[in-house]
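See structure below.
Where a number appears in this text, it was derived from the coordinates with a stated rule and is not lab data. Keep in mind it's a predicted model, so treat the numbers as computed, not measured. Virtual Cβ from ideal backbone geometry, glycine too; neighbours counted across all protein chains shown.
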Amino acid sequence: MEPTHLRSHTPLSLATHFRDLGLSPTLARRVVNRVVGEDRDDLEGIPGLPRRASDALQGHGDLRRLRVVDRRRSAVDPFVKYLFESVDGRRFETVRIPLEKPRFSVCVSSQVGCALACGFCETGRLGFERNLEAWEIVEQVLTVRRESPERPVTGVVFQGQGEPFQNYDAVIRAAEILRDPSGGRLRGDRITISTVGLLPMIERYTDEGHPYRLILSLTSTDPEKRARLLPVARRYDVADLAQAMRRHQARRGGPVNLAWVLMSGVNTGADEARELGRLFRGVKVRLSVIDVNDPTGEFERAGDEERSGFLNALAENGIGFVRRYSGGPDIHAACGMLASAARGGAVV
Ligand code: SF4
C-alpha cells in the first residue's frame, strides 16, 4: 500500500486507497470522522474497526500536522493571520475572516507561492514553490476551527496564496473533505473557489458540476490592460472567459460571481463598467469590489469619489456589486498581501 496522508481522503477515496482492507463505507466514514470531523490523531476505539485494519491505516497513513509558526491578530478588526510550516519546511499563510454574523470564514492557500505573477499581488512576487496537498489545505481550516471556539467556522474561500485551478485535483479533494458530513461538515455553497481565469479549468469545473461557488477575478475587461495586470490573461480572451462564466451560471444557477481589485486610475473608469454590462447582458452579476493593497506603492487605492463614480457606473450598467472589506491591514492579512511573513518576517 502506498503511504498517504489520512486527512487527504474522503470516505470513498480512503476505502479505494486501502481497498485491500475491505473497509465498508460506514467504516471509512468513521475513520474520516475521527481524523477530520473530530480532528484527532488516533484511531483508538472506532466502533467496528478491526485491529488489523487500524494497524494498517496507522502504518501506511500519515497523520502529521502543520506547525503554526506565527499568528498575528489585527489590532483594528478580528482578523487573524496564520503562518504555517509544513513537514518539508515550506511556509504559507492563512487568514481567519470574521463574518457579519458571529461566524468565521477561512481564506486558505492552495500553493506555496504562485507562478502567475499578477502585478498587484505580493504572493505573485514570491514565485512558485510547490502545490499544497489536500491535507495541508484541510489542516488550515481545522487549525482555525480548533483555535476559534468562540464562533463557528462556516465558510472557506480559496483566495490565499496560489491559483487554485493550478492545483485542481488537490483543491477539489480538499473541498470535498471539508464538505463531507463526516469531515468538515461545511455547506457546499459556503466554499468558494477563486480563479484569475484559467479557461480550460473553468470549463472542466462547470462540466463536473461541483456545488462550490466559483469567482472569476476579472479586474479589467480591457484585454491589454488585463494582460499587463495578470500575465496569464495573455492566454485567454476576456470574451471567452465571460462566455465560460455565463455557461457556468446557466448550469449552476445563481449570479455570475466576479471579483475586481480596484486600483486608482487603472480600472475605475465608466468604460470598464459599460463593457461589463455588455459582456454580461441578460445575466445577474455579483461583482466583489476589493480595494488594492500594494505595499510597493505601484498601485494605489481609489479615493472615495473615484470609487463612488465606478460603483455608480456599475449600477447604471446593471452590474450588481458588493464592496468587500479587505481587512487586517496592520498584519498584512488583506487580499494580495499574503507573502510578507513567508519572505522572512517582515510582518508588522
Ligand atoms: S493574485 Fe492569485 S493568481 Fe495572481 S499572483 Fe496572486 S496568488 Fe497568484
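Taking Cα pairs under 8 Å and at least six residues apart, what relative contact order does the chain come out at, in percent? The normalised contact order for the chain reaches 15 percent.
Backbone geometry of the range 57-70 corresponds, through the Karplus equation with coefficients 6.51, -1.76 and 1.60 at θ = phi - 60°, to 3J(HN,Hα) couplings of 5, 6, x, 9, x, 7, 10, 5, 10, 7, 9, 7, 7, 7 Hz, x marking Gly and Pro. Here's the list of aspartates and glutamates a cross-link from K101 could span, going by alpha-carbon distance under 16 Å and ignoring same-chain residues fewer than 8 apart: D77, E150. Maximal additional length on extending the T26-V283 stretch stands at 88.3 nm, based on 0.36 nm per residue less the C-alpha distance.
By how many degrees, 0 to 90 and rounded to 10, does the Cα axis of helix 238-252 deviate from the longest principal axis of the chain? In the chain, helix 238-252 runs at an angle near 50 degrees to the longest axis.
Considering every alpha-carbon pair of the range 1-149, the percent of pairs per 10 Å bin, from zero through the bin containing the longest distance, is 10, 34, 30, 19, 6, 0.
Placing R0 at 25 angstrom, the Cβ-Cβ distance between D42 and E208 gives a FRET efficiency of 0.10 after rounding to 0.05. Relative to the current alpha-carbon distance between R71 and A117, full extension at 0.36 nm per residue lengthens the span by 14.0 nm.
For V69, the residues whose amide H sits under 5 Å from its own are L83, F84, E85, ignoring neighbours fewer than 5 places away on the same chain, with H placed 1.01 Å from N. Excluding same-chain neighbours fewer than eight residues apart, the aspartates and glutamates reachable from K81 by a Cα-Cα span under 14 Å are D70, E93, E147, D330. For the chain, adding -39500 (n - 2.57) for each run of n ≥ 4 DSSP H residues and dividing by the number of residues yields -9500 deg cm²/dmol at 222 nm.
Nearest 10 degrees is fine. How inclined is helix 199-208 to the longest principal axis of the chain, computing both from alpha carbons? It is inclined by approximately 50 degrees. Summarising the label geometry, the points placed 7 Å from Cα in the beta-carbon direction at R185 and A56 lie 3.0 nm from one another. Between 0 and 90 degrees, the angle of helix 270-279 with respect to the longest Cα principal axis of the chain falls at about 60 degrees. Were the residues from D304 through A270 laid out at 0.36 nm apart, the gain over their Cα-Cα distance would be 10.7 nm.
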